[in-house]
Amino acid sequence: MSPQAQQENKHTISVLVDNEAGVLARVIGLFSGRGYNIESLTVAVVDPKQALSRITIVTSGTPMIIEQIKAQLDRLVPVHKVSDLTLDGPRVERELALVKVRGLGEKRVESLRIADIFRAHVVDSTQESFVFEIVGSTEKLDAFIDLMAPLGLAEVSRTGVVAIARGVDTI
Amino acid sequence: MSTEPMNGSQILLKALSEQGVDVIFGYPGGAVLPIYDELFKQNHIRHILVRHEQGAAHAAEGYARSTGKVGVILVTSGPGATNAVTGLTDALMDSIPLVCITGQVPTHLIGNDAFQEADTTGITRPCTKHNYLVKKTGDLARVVHEAFYVARSGRPGPVVIDLPKDVAMGLGHYTPATAVGHKSYNPRTEGDPQLIAQAIELMAKAKCPLVYAGGGVINSGPQASERLTRFIRDTGFPCTLTLMGLGAYPASDKQFLGMVGMHGTFEANHAMHDCDLMICIGARFDDRVTGRLNAFSPGSKKIHIDIDPSSINKNVAVDIGIVGDVGNVLGEMAGLWKARKNKPDKKVLAPWWKKIEAWRSRLCLRYKPSSSIIKPQYAIERLYALTREHKDVFITTEVGQHQMWAAQHFGFDKPNHWMTSGGLGTMGYGLPAAMGVQVAHPKALVIDIAGEASVIMNIQEMSTIAQYRLPVKVFILNNQYMGMVRQWQELLHGGRYSESYMESLPDFVKLAEAFGAAGLRATKPDEVDDVIKEMLAIDKAVIVDVMVDQKENCFPMIPSGAAHNEMLLGPDDEAGNPISDEGMVLV
């Protein structure tokens, strides 16, 4: 096999599913049962009228594995549509994090300054803590959290990636 | 929507009738009592009372595979459902359409660890094609129709309907099947015409082509087998079949190379290895077929036709993957091939056939005959020969050496006449499966070719067979060992036969009698014919205990971790080919 075929790449896959009991378990069970990676997974209702949910999965694997993952997802009965946003062209990917930082004095001021640079908002504050809300790519969030580590990083909660293709086309 | 509300159990039975169900295999219990009460009050659906829920599942598999219809199981909650899990998994692996209705504790008790409660949808999620938990009686008819649609369409498989007792007792309206469509599950059945044309192009250029077909051809229906047969004859290509595909192409035809895979023929496996074009039709490049993947058919272009897109490029990367019902695609291909002007001369294939004939002349299924001890292969050969005058012969098997010998030595010329547990390899499959086949075909000759270890795993079904006077024949090749385990211990573990020998086996003749069947035994080769003739003459269930050579191994064999062209032809080949460490870890 060519080295290219062995290369593991990250893919962002969007799955449109019926919003019914057990559908998330089917998707997660598929990944754990067949030994695929999940780097991030988000799910929420996107069309309440037709009871459709959208699951966004970030996974990695060789091209053959990624093709398998998509085919396996597609044959689940409640799945309407599987779309590989990584292959489909340009896309927007966003993640939201809530980051709690504890500190006093200069460290506290520095955390605020960095938050400003990253366009993070303060959504809660006490005299010795902030909760920042930051939206951006996974990499941006990682960088922000890294910078907060020496400044009193206490707790992180992240949503995982949501994504959508750029342009007029829909999945 | 009909006007009169009905209770859930009535709705269930009405929906089953509308789906054409005439037989259910089941076992009652607390959570399904309302359904059994309605069953009692009607006459159009027959219920076969099994002795264990696993038996019900395998019986339904035998019924489904021999008729092409959906098999139906009805079991209670908790242990009823968990006992059916092996059969469901078996049906999933072998793509057998089943609908399994499991009772469940009433909705308000779900999650409370109630008596006989199990998380049935949770447990069966990975071993079914799909499953449902019905929360409202009004949804039940729709769910039943959907379940049948999912079970039989696309790549068939088992579907579970978990039915809480209060839903089975509550009132609701019936929805007819015609009113139920499916919004998300619509498998593609027509192949892409462009890809089909490309496939024909490759076929026209091939010098060493090979068709490798599997259970998908059987699942597509008898017409697919007819089309495959005609296509093979039109093209002059050689054809091999997987274990699940036996019968899709007539075994007696000279273009048939025998079964492929671990215990397939020398000629089929060498042809797989050396072909320049492999046309895989309704098979899935299973590890029993491919042997060592990085040595699998290295020089060939590969075409794969399958109804399940996830089968394509799963284990083996192919050049052309056609998603569609194999029957439809074969029809398209046959038309294109016929219409084609510059078809390759049959002479082009002559050198390839010459090579195949050379492999064939090795007579790989040969064994050392004996006049004092019954060779298992001999017993099956005689069984085959002596059943030729029967119009309809259905064979089921258990799992192990006897299964492979049956596949090698019993020829199948028609589809749907061979029932075996291929993917899951479930010991104990054959007896209940034979029961299901006999229920579907009361007049036919149904034989379970069994091993003594496997058959004991579901021997309780002899009682069901007695109750319904099913004339199933159980042909046991008794070597007192788990033969395949013993064979692997001999080949891989220095002949240390750890726990593969069974002491204190039952006297199968007396056992047969205890279950109201006839019991026969053969201990010498010259008794085999008589015992088979006697078995065939008895018009009730028979167990035949054939005492065979305990040491016989199943050959030819591709040892684990080896390639197709590294087959062992017999015991003399073993010493020179030690099995690699990589091979040792494989199953």
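Each row is one residue, and each column tells you yes or no for (1) modelled with pLDDT of 95 or more; (2) assigned to a helix (DSSP H, G or I).
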residue	(1), (2)
B:GLY122	yes, yes
B:VAL150	yes, yes
B:ILE161	yes, no
B:ASN186	no, no
B:ALA197	yes, yes
Exercise. Residue by residue through the range B:391-410, note down the ones that are in a loop (DSSP other than H, G, I, E, B) and open to solvent by less than 20 Å² (accessible area, probe 1.4 Å).
Key: B:GLU398, B:GLY400, B:PHE410
Practice problem: Please find, within the range B:168-201, the residue that is farthest from B:ILE312 (Cα to Cα) out of those that are within 14 Å of chain A (Cβ to nearest Cβ) and open to solvent by 90 Å² or more (accessible area, probe 1.4 Å). | Solution: B:LYS183
Quiz item: Residues of the range B:447-469 being open to solvent by 10 Å² or more (accessible area, probe 1.4 Å), within 14 Å of B:ALA512 (Cα to Cα) and of a type outside the set (Gly, Ala, Ser), which ones?
Solution: B:ILE456, B:ILE459, B:GLN460, B:GLN467, B:ARG469
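Name the residues in the range B:135-181 that are hydrophobic (A, V, I, L, M, F, W, C) and under 30 Å from B:MET244 (Cβ atoms), would you?
Quick first cut of the range B:135-181, residues hydrophobic (A, V, I, L, M, F, W, C) only: B:140-141, B:143-144, B:147-148, B:150-151, B:159-161, B:163, B:167-169, B:171, B:177, B:179-180.
Within the range B:135-181, B:VAL143, B:VAL144, B:ALA147, B:PHE148, B:VAL150, B:ALA151, B:VAL159, B:VAL160, B:ILE161, B:ALA177 qualify.
Taking the residues in the range B:302-319 that are among the hydrophobic types (A, V, I, L, M, F, W, C) and open to solvent by less than 10 Å² (accessible area, probe 1.4 Å) as candidates, determine which candidate is farthest from the chain's Cα centre (by Cα).
Taking the range B:302-319 first, the residues among the hydrophobic types (A, V, I, L, M, F, W, C) are B:303, B:305, B:307, B:312, B:316-318.
Next, only the ones that are open to solvent by less than 10 Å² (accessible area, probe 1.4 Å) stay: B:303, B:305.
On the way: B:ILE303: 24, B:ILE305: 19 Å.
Only one residue tops the list, namely B:ILE303.
Scan the range B:300-328 for residues that are assigned to a strand (DSSP E or B), among the β-branched types (Val, Ile, Thr) and more than 10 Å from every other protein chain (Cβ to nearest Cβ) and jot them down. Quick ask: steps written out before the conclusion?
The initial filter retains those residues of the range B:300-328 that are assigned to a strand (DSSP E or B), namely B:301-306, B:320-323.
Next, from what is left, pick out any that are among the β-branched types (Val, Ile, Thr): B:303, B:305, B:320, B:322-323.
Correct list: B:ILE303, B:ILE305, B:ILE320, B:ILE322.
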Practice problem: Filter the range B:320-348 down to residues that are out of contact with any Ser or Thr (no Cβ under 7 Å at 6 or more places or on another chain) and among the small types (Gly, Ala, Ser) and give me whichever is surrounded by the most Cβ atoms within 10 Å (Cβ to Cβ). | Solution: B:GLY321
Quiz item: Considering the range B:115-127 alone, what residues qualify as being more than 14 Å from every other protein chain (Cβ to nearest Cβ) and either acidic (Asp, Glu) or buried (at least 16 other Cβ atoms within 10 Å of the Cβ) (or both)?
Solution: B:GLN116, B:GLU117, B:ALA118
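So that you can scan it fast, the table gives a plain yes or no per residue for (1) assigned to a strand (DSSP E or B); (2) open to solvent by less than 50 Å² (accessible area, probe 1.4 Å); (3) among the basic types (Lys, Arg); (4) without any contact (Cβ under 8 Å) to a residue 24 or more places away in the chain:
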site: A:HIS80; (1), (2), (3), (4): yes, no, no, no
site: A:LEU96; (1), (2), (3), (4): yes, no, no, no
site: A:ILE114; (1), (2), (3), (4): no, yes, no, no
site: A:GLU139; (1), (2), (3), (4): no, no, no, yes
site: A:GLY160; (1), (2), (3), (4): no, yes, no, no
Quiz item: Is the range B:556-571 home to any residue that is part of a helix (DSSP H, G or I), at pLDDT below 90 and at negative phi?
Solution: yes
Quiz item: Across the range B:40-68, what is the total count of residues that are open to solvent by 40 Å² or more (accessible area, probe 1.4 Å) and either in a helix (DSSP H, G or I) or within 13 Å of B:HIS441 (Cα to Cα) (or both)?
Solution: 3
Exercise. Inspect all residues belonging to the range A:35-42 and state whether any of them is modelled with pLDDT of 95 or more, touching a His at 6+ places or on another chain (Cβ under 9 Å) and either closer than 25 Å to B:VAL318 by Cβ or within 13 Å of chain B (Cβ to nearest Cβ) (or both).
Key: no
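What are the residues in the range B:411-425 that are in contact (Cβ under 8 Å) with a residue 60 or more places away in the chain, under 17 Å from B:CYS554 (Cβ atoms) and either open to solvent by 10 Å² or more (accessible area, probe 1.4 Å) or in a helix (DSSP H, G or I) (or both), if any? Steps first, please.
First pass over the range B:411-425, keeping only residues in contact (Cβ under 8 Å) with a residue 60 or more places away in the chain: B:411-424.
Cutting the leftovers down to under 17 Å from B:CYS554 (Cβ atoms) gives us B:420-422.
B:GLY422, the sole residue that qualifies.
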Exercise. Look at A:ALA21 and say whether it is of a type in the set (Gly, Ala, Ser), surrounded by fewer than 19 Cβ atoms within 10 Å (Cβ to Cβ), within 21 Å of A:VAL161 (Cα to Cα) and at the interface with chain B (Cβ under 9 Å from one of its Cβ atoms).
Key: no
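Filter the range B:69-91 down to the residues that are assigned to a helix (DSSP H, G or I), of a type in the set (Gly, Ala, Ser) and under 26 Å from B:GLY221 (Cα atoms) and list them by number. Can you show your working first?
In the first step, residues of the range B:69-91 are kept if they are assigned to a helix (DSSP H, G or I); the result is B:79-91.
Okay, now just the ones that are also of a type in the set (Gly, Ala, Ser), so B:80-81, B:84, B:87, B:91.
B:GLY87, B:ALA91, listed by residue number.
Using the structure shown, decide if B:TYR132 is crowded, with 24+ Cβ neighbours inside 10 Å and within 11 Å of chain A (Cβ to nearest Cβ). Talk me through it step by step, then tell me what you get.
On the way: crowded, with 24+ Cβ neighbours inside 10 Å: yes; within 11 Å of chain A (Cβ to nearest Cβ): yes.
Yes: the conditions hold for B:TYR132.
Do you know which of the residues in the range B:16-39 that are among the aromatic types (Phe, Trp, Tyr) and not in a loop (DSSP other than H, G, I, E, B) is nearest to B:ILE456 (Cα to Cα)? Steps first, answer last, please.
The first filter runs over the range B:16-39 and keeps only residues among the aromatic types (Phe, Trp, Tyr), leaving B:25, B:27, B:36.
With not in a loop (DSSP other than H, G, I, E, B) added as a condition, the list becomes B:25, B:36.
Working: B:PHE25: 20, B:TYR36: 29 Å.
Taking the candidates together, the pick is B:PHE25.
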Exercise. Look at the range B:71-93 and say how many of its residues are surrounded by fewer than 24 Cβ atoms within 10 Å (Cβ to Cβ), closer than 19 Å to B:ASP308 by Cβ and of a type outside the set (S, T, N, Q).
Key: 2
Practice problem: Kindly provide the set of residues from the range B:349-390 that are open to solvent by 80 Å² or more (accessible area, probe 1.4 Å) and in a helix (DSSP H, G or I), ordered by number. | Solution: B:PRO351, B:LYS354, B:LYS355, B:GLU357
Self-check item: Tally of residues being buried (at least 22 other Cβ atoms within 10 Å of the Cβ) and of a type in the set (D, E, K, R) across the range B:267-301
Solution: 2
Quiz item: Which residues, taken from the range A:24-53, are open to solvent by 50 Å² or more (accessible area, probe 1.4 Å) and not in a strand (DSSP E or B)?
Solution: A:LEU24, A:ILE28, A:SER32, A:GLY33, A:ARG34, A:GLY35, A:ASN37, A:ILE38, A:GLU39, A:PRO48, A:LYS49, A:GLN50
Practice problem: Looking only at the range A:54-72, count how many residues are in contact with a helix residue (DSSP H, G or I) (Cβ under 7 Å, 6 or more places away or on another chain) and either of a type in the set (D, E, K, R) or open to solvent by less than 30 Å² (accessible area, probe 1.4 Å) (or both). | Solution: 7
Quiz prompt | Verdict on B:GLU146 being acidic (Asp, Glu), away from chain A (no Cβ under 14 Å) and surrounded by fewer than 24 Cβ atoms within 10 Å (Cβ to Cβ) | solution = no
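Need at least 3 residues that are among the hydroxyl-bearing types (Ser, Thr, Tyr) and farther than 23 Å from B:LYS314 by Cα per element, so show me which helices (runs of 4 or more DSSP H) inside the range B:200-284 make the cut, counting only ones lying wholly within it.
Per the criteria, B:222-235.
A quick yes/no check of all residues on (1) open to solvent by less than 20 Å² (accessible area, probe 1.4 Å); (2) polar (S, T, N, Q):
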| residue | (1), (2) |
| --- | --- |
| B:GLY494 | no, no |
| B:SER498 | no, yes |
| B:TYR501 | no, no |
| B:ALA517 | yes, no |
| B:GLU552 | no, no |
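Considering B:THR76, B:THR67, B:THR82, B:THR89, which residue is touching a strand residue (DSSP E or B) at 6+ places or on another chain (Cβ under 7 Å) and hydroxyl-bearing (Ser, Thr, Tyr)? Write out each step before concluding.
On the way: B:THR67 fails: touching a strand residue (DSSP E or B) at 6+ places or on another chain (Cβ under 7 Å); B:THR82 fails: touching a strand residue (DSSP E or B) at 6+ places or on another chain (Cβ under 7 Å); B:THR89 fails: touching a strand residue (DSSP E or B) at 6+ places or on another chain (Cβ under 7 Å).
None of the others qualify; the one that does is B:THR76.
The values are calculated or read from the model by the stated rules, or taken from the named source; none is laboratory data. Since this is a predicted model, take the numbers as computed values, not measurements. A quick note on method: Cβ atoms are made from the backbone with ideal geometry, for glycine too, and the neighbour counts reach across all protein chains shown. Ligands, DNA and RNA are stripped out before the accessible areas are found, and what is left, the full protein with its side chains, is counted by its heavy atoms. Shrake-Rupley method; radii C 1.70, N 1.55, O 1.52, S 1.80 Å.
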